[in-house]
C-alpha cells in the first residue's frame, strides 16, 4: 500500500537532493543533444 498523503504541515524542508537530481538530468540531456548535433556535423559535413 502506498500512502496517498500525510499531514506534515509543521515541516517545511526544501528538497535539495531532488532538485540536484533534476539538474543533473537536464545537464546530461543537454550534453547528449549537443554531442549528437556536433557528431552529425562532423560525420556528414566534413570531406
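Bear in mind these aren't lab numbers, they're just calculated from the coordinates by the rules spelled out. Keep in mind that what you see is a predicted model, and the values were worked out from it rather than measured. Heads up, the Cβs are rebuilt from the backbone with ideal geometry, glycines too, and the neighbour counts pull from every protein chain shown.
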Taking Cα atoms, the helix 16-44 axis meets the longest principal axis of the chain at an angle in degrees (rounded to 10) of 10 degrees
Hey, with R₀ at 25 Å, roughly what FRET efficiency would residue 11 and residue 31 work out to, going by the Cβ-Cβ distance, to 0.05?
-> 0.10
Express in % the proportion of alpha carbon pairs of the chain at distances exceeding 11 Å.
-> 77 percent
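Sum -39500 (n - 2.57) across every DSSP H segment of at least 4 residues in the chain, then divide by the residue count to get the 222 nm mean residue ellipticity, nearest 500.
Details: 1 runs with 29 residues, N = 47.
After summing the helix terms and dividing by the residues of the chain, the value is -22000 deg cm²/dmol.
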